[in-house]
1. Once you've got the Cα coordinates, tell me which of LYS9/LYS179; LYS15/LYS202; LYS9/LYS164; LYS63/LYS164; LYS9/LYS79 are over 27 Å apart.
2. Name the shape class, rounded, prolate or oblate, that the alpha-carbon gyration tensor gives for segment 1-71, where a ≥ b ≥ c are the square roots of its eigenvalues, rounded holds for a/c under 1.5, and otherwise prolate holds if a/b is larger than b/c and oblate otherwise.
3. Based only on Cα atoms, what mean projected area does the convex hull of segment 75-127 have, in nm²?
4. Loop only per DSSP, at most 16 neighbouring Cβ atoms within 10 Å: give me the trypsin sites (Lys or Arg not before Pro) in segment 25-112, ordered by residue number.
5. Pull up all non-local amide H partners of HIS24: gap of 5 or more, or a different chain, and H-to-H distance under 5 Å with H placed in the peptide plane.
6. Provide the descending list of Cα extents for the chain along its principal axes, expressed in whole angstroms.
7. If I model segment 58-147 as equal point scatterers sitting on the Cα atoms and use the Debye formula, what is log10 I(q)/I(0) at q = 0.23 Å⁻¹?
8. Using every alpha carbon pair in segment 1-122, what percent of pairs falls into each 10 Å bin from 0 up to the bin containing the largest distance?
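Here, each number is a calculation from the coordinates, and none is a lab measurement. This structure is a prediction, so every number in the text was calculated from the model and none was measured. As a convention, Cβ positions derive from the backbone with ideal geometry for all residues, glycine included, and neighbour counts pool all protein chains shown.
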Amino acid sequence: MATPLSAEKLLGTLKDEGVQVVEHRSWRDNNRDGSGPWGPVHGVMIHHTATTETETTVDLCYKGRSDLPGPLCHGVIAKDGKVYLVGNGRANHAGSGDGNVLDAVVSERGLPDDNDTDTDGNAHFYGFECVNKGDGEDPWPPEQVDAVVRASAAICRAHGWGKKGDTSVIGHLEWQPGKVDPRGPGISMDDVRERVKERLGKDPDWSPDG
Ligand SMILES: [Zn+2]
């Protein structure tokens with residue numbers, strides 16, 4: 001099942017997974033669908049923003065920049081764990097990446113190294129931008145990483161992903177050569193995937209440590 005979730009379904013699955021959702025402006029109708037395909041969807045991609053402030057970051061990700069129109073992701077994950085929804089549909093976050101990585105995501109097996117830019121990621125990945133300086137030193141608070149795990153698990157759960165093997169959650173750095181996000185103390189994609197897998201074995205309202 002790789003048809004993108006409707007706005008209602010996306011919102012519902014995030015809330016069911018215990019995500020603190022903030023709906024930003026007209027996120028339901030904010031997309032780049034006119035510039036290319038959206039779907040079939042196969043996975044979730046995690047980024048860092050290289051910014052520090054939540055409010056301006058959410059606004060930037062909603063509107064985009066003069067050289068890169070928004071939305072720049074589907075949700076912005078703040079340091080306090082709140083998830084601001086900014087887009088629904090095609091978004092400018094993944095760029096062109098490695099088709100072999102996409103194949104691995106589709107079949108839920110281990111990821112090969114990313115060394116090509118032959119595939120349009122914006123058609124196939126939900127994207128979350130996480131507020132972090134991205135300098136490799138700015139720490140990722142546990143609340144934020146928990147939100148990354150919950151948001152990713154929510155989408156995997158809604159699509160039925162993650163049953164065959166590895167979960168369908170990757171970092172931008174695993175998709176596009178030259179990218180380093182997400183990075184910093186407290187975040188590791190292997191750890192995120194382990195925790196998403198753990199969540200998918202439980203009910204959506206489950207919390208670690210009771
Ligand atoms: Zn990125």
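1. LYS9/LYS179; LYS63/LYS164
2. oblate
3. Computing the convex hull of the Cα atoms and averaging its projections yields 4.5 nm².
4. ARG25, ARG109
5. Here LEU85 satisfy the definition.
6. Cα extents, longest axis first: 45, 37, 35 Å.
7. Scattering profile of segment 58-147, log10 relative to I(0): -1.14.
8. 12, 42, 36, 10
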